[in-house]
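The values are calculated or read from the model by the stated rules, or taken from the named source; none is laboratory data. Predicted model, so just to flag it, every value in this text is computed and none were measured. With ideal geometry, Cβ positions are generated from the backbone for all residues, glycine too; neighbour counts draw on all protein chains shown. In case anyone asks, the SASA skips ligands and DNA or RNA and just uses the protein heavy atoms, side chains included. Shrake-Rupley method; radii C 1.70, N 1.55, O 1.52, S 1.80 Å.
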Amino acid sequence: MALDLYMVGLNVQDMSKSLVFYRRLGLALPEKSAEQQHIEVKMGGELTFFLDTRAIRSDNPELEKAVGDRRIILEFYLKSRAAVDAKYAELTGLGYQSYHTPFETPFGVYFALVNDPDGNTILLSA
């Protein structure tokens, strides 16, 4: 089963302050990003870095519960919903803690979340 590290994301409280920091760090973030709740920038190859305020101030209780107070998100992309379901079942079957069962987001992406041995939540998506 092919698995790619697809996105590394940060849930931020203040998009403007985060943009200032990451621009000073050297990221070429899109203009007018301060008005957005979610911005992405390709980091080379297929990896995308994102900043997002939606998870913190979500109108969607399921999405807010899924992300919770997680500040850093590692998203691994699988080719299909069936592959997400299979990987989720495999990991939880091996005793790794489920953070959230598979579900479809309001923006049409299929997610499941599992905690690694250190409690970091890993997002599986299709």
Subject >> Residues (loosely packed, with under 12 Cβ neighbours inside 10 Å, under 17 Å from the mean Cα position of the chain (by Cα) and touching a residue at least 12 places away in the same chain (Cβ under 8 Å)) located in segment 82-118 >> reply: Pro106
Original post:
Hey, Gly44 hits all of (1) modelled with pLDDT under 80; (2) open to solvent by less than 30 Å² (accessible area, probe 1.4 Å); (3) of a type in the set (Gly, Ala, Ser) but one; which does it fall short on?
Top reply: (2)
Original post:
Among the residues of segment 6-19, which ones are open to solvent by 70 Å² or more (accessible area, probe 1.4 Å) and part of a helix (DSSP H, G or I)?
Top reply: Lys17
